[in-house]
Structure formats: structure tokens, C-alpha cells
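Colleague: Mind looking over this structure? Questions follow.
The values are calculated or read from the model by the stated rules, or taken from the named source; none is laboratory data. Just so it is clear, the model here is predicted, and its values are computed rather than measured. We place every Cβ from the backbone using ideal geometry, glycine too, and count neighbours over all the protein chains shown.
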Amino acid sequence: MRGVTRLFGVGTTEVHALDNVDFNVHTGELLLLVGPSGCGKTTLLSVLAGILDATSGDVDVFGTRIDQLSQQEKTQFRRDNIGFIFQQYNLLPTLTAAENVAIPLLIHKVDFEEAVAKARVYLEKVGLAERADFLPSQLSGGQQQRVAIARALITEPRLIVCDEPTAALDGETGKMILEMFRSTALTSDRAIVVVTHDSRIFPYGDRIAEMLDGRILSIHQNEFTPAHRAFLL
Ligand SMILES: Nc1ncnc2c1ncn2[C@@H]1O[C@H](COP(=O)(O)OP(=O)(O)OP(=O)(O)O)[C@@H](O)[C@H]1O
């Protein structure tokens, strides 16, 4: 992002949710975004993922200026390149966990049986193999969140953006999910950005960006090494 500003409201209610933000994510990294409530983290993720338009500034994702795409082109770009995990899980209530996870593949016209079979593999990765045929209403909040995580990963998107992915998870499951992000969704040409308040997962970030009042205060290399992470598991 270069000089990205996002305003909400007008006049006395105007809020600079993002205030002239310059922000780089490197391929091959898991970047953690931290900062107090209301500082602009969700807005930044939404603009990065092309869900929300910037008021001004450049947003370049893997060489595509997404701020210059039409809405239709942006939808296509998101489908092909970006996985989202937001705080609302947005699971379809009448579909099973496996069918929910399969949705992105069905949108890509993958055959139903093949899509559901791959969905079962991803549910296994998030520790939910036994719950594949349950409806969302039969799952706990943390289990629903893991279904949403499997759904975001199934198309193997190059960029994954997550807003508080571990909020509803116990410590061990949260670490398992972050470890899984690193092992299955992070390669030299992919990247993951995670908004979190959860200090238990700080060791899993390669860099940590701190936000305050719509600005990036600092981005620093994480002192935790892979060896530290292995020790924590
Ligand atoms: N749709 C909207 N309309 C008006 N103001 C908004 C809207 N969305 C966000 N804001 C404002 O923009 C600012 C940044 O909000 P944002 O949700 O990005 O913060 P956040 O850091 O993700 O907060 P939290 O950690 O509480 O989720 C806040 O002051 C918020 O009130």
C-alpha cells in the first residue's frame, strides 16, 4: 500500500480509519498486525483484500493495482488470489461443514464429489475430520471458526488475510492453527496477514506491524525463531 487513506463519515463524524498508510507484505512471510481497538486493523485488511475501497492511495497485490480494477474484476481477482477469515464465520446454515468448506471450489466449477473430498482433507488439517457431516448449528464457535479457516485455505490462495483467527479458540488449538498456516499455506510466493490481540500466537509471525490511530507505527522483525516455535509446540 502506498499513501492509503480511508475515510468514514463526513464533517464532524469524519474518521480517518487509515491515514496515509505505507505498508509492505513480503511473499513468504506471516505478518502479524497488532494495535488497540479502533486503530484501523480491520479496515487495513479489508482494503488489502479488495473488499473495501481506499479513499485514496495505491493498493498493489502481487503486481496488480487492485484499486484500479472494476468491481467485477476485483471479485474475480479475490476469488483467484485471496482467502479471508473474518470475525463473522459466514457459514451457510443448511450445508454441512464439508459442503461449506467446498464452496470456493464449487465456485471454481470443481466437480461436487471432488470438492467435498478435498474439503474433508482440509477439515482434517484443522482437526475436524470427525465433524465433516455436521451442520454449523451443531458445532461450537471455535469449531465453526475452524471450518471458516479450512474454507479460506482450500483454494490455496496466494494471500490469506485473517481477522482474529484464534479469538474463539483455546490456546492449544490456536497454536495448532497458526502452525498449520505456516506449514500448509506459506510458501515463497504466498503471504499471510493476521490481525490479533492474542499474545500466545506472537511467536508465529515473521514480522509484527503495530498500528495506532490509522497509521503504521512500526514494523519489526520478530525475535522468535523457528526453533523457539518448535519449543513452544
Ligand atoms: N463502516 C464504518 N463506518 C464508520 N466508521 C467506521 C466504519 N468501519 C470502521 N469505522 C471506524 O474506523 C476506525 C477503524 O475501525 P477498524 O474496525 O478498522 O478498527 P480495528 O483496529 O479493527 O478495531 P478492533 O480491534 O476493535 O476490531 C474506528 O474508529 C471505527 O469506528
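Colleague: Name the residue, out of GLN76, GLN72, that is farther than 29 Å from SER183 by Cα, out of contact with any strand residue (DSSP E or B) (no Cβ under 6 Å at 6 or more places or on another chain) and either polar (S, T, N, Q) or surrounded by 14 or more Cβ atoms within 10 Å (Cβ to Cβ) (or both).
Modeller: On the way: GLN76 fails: farther than 29 Å from SER183 by Cα.
None of the others qualify; the one that does is GLN72.
Colleague: Suppose we filter GLY214, GLY174, GLY205 for residues that are of a type outside the set (Lys, Arg), on the phi < 0 side of the Ramachandran plot and in contact with an Asp or Glu (Cβ under 7 Å, 6 or more places away or on another chain); which single one remains? Show your work before the answer.
Modeller: Working: GLY214 fails: on the phi < 0 side of the Ramachandran plot; GLY205 fails: in contact with an Asp or Glu (Cβ under 7 Å, 6 or more places away or on another chain).
That would be GLY174, the only listed residue that is of a type outside the set (Lys, Arg), on the phi < 0 side of the Ramachandran plot and in contact with an Asp or Glu (Cβ under 7 Å, 6 or more places away or on another chain).
Colleague: What tally of residues in the range 122-156 results from selecting those that are under 17 Å from GLY83 (Cα atoms) and either surrounded by fewer than 16 Cβ atoms within 10 Å (Cβ to Cβ) or of a type in the set (D, E, K, R) (or both)?
Modeller: The first filter runs over the range 122-156 and keeps only residues under 17 Å from GLY83 (Cα atoms), leaving 122-123, 125-126, 144-156.
From what is left, the residues that are either surrounded by fewer than 16 Cβ atoms within 10 Å (Cβ to Cβ) or of a type in the set (D, E, K, R) (or both) are 125, 146, 151, 156.
Within the range 122-156, residues that are under 17 Å from GLY83 (Cα atoms) and either surrounded by fewer than 16 Cβ atoms within 10 Å (Cβ to Cβ) or of a type in the set (D, E, K, R) (or both) number 4.
Colleague: Does ASP80 satisfy the criteria of being farther than 14 Å from VAL4 by Cβ, in a helix (DSSP H, G or I) and at pLDDT below 95?
Modeller: Numbers: farther than 14 Å from VAL4 by Cβ: yes; in a helix (DSSP H, G or I): yes; at pLDDT below 95: yes.
Taking the combined requirement at face value, the residue satisfies it.
Colleague: Check LEU44 against each of (1) surrounded by fewer than 20 Cβ atoms within 10 Å (Cβ to Cβ); (2) within 8 Å of the ligand (Cβ to nearest atom); (3) of a type in the set (A, V, I, L, M, F, W, C) and name the one condition it does not meet.
Modeller: (1)
Colleague: How about the range 19-41: which of its residues are near the ligand (Cβ under 8 Å from one of its atoms) and either touching a residue at least 60 places away in the same chain (Cβ under 8 Å) or among the hydroxyl-bearing types (Ser, Thr, Tyr) (or both)? Break it down stepwise before answering.
Modeller: Restricting attention to the range 19-41, the residues satisfying the condition of being near the ligand (Cβ under 8 Å from one of its atoms) are 35-41.
Of everything in the range 19-41, those that are near the ligand (Cβ under 8 Å from one of its atoms) and either touching a residue at least 60 places away in the same chain (Cβ under 8 Å) or among the hydroxyl-bearing types (Ser, Thr, Tyr) (or both) turn out to be GLY35, PRO36, SER37, CYS39, GLY40, LYS41.
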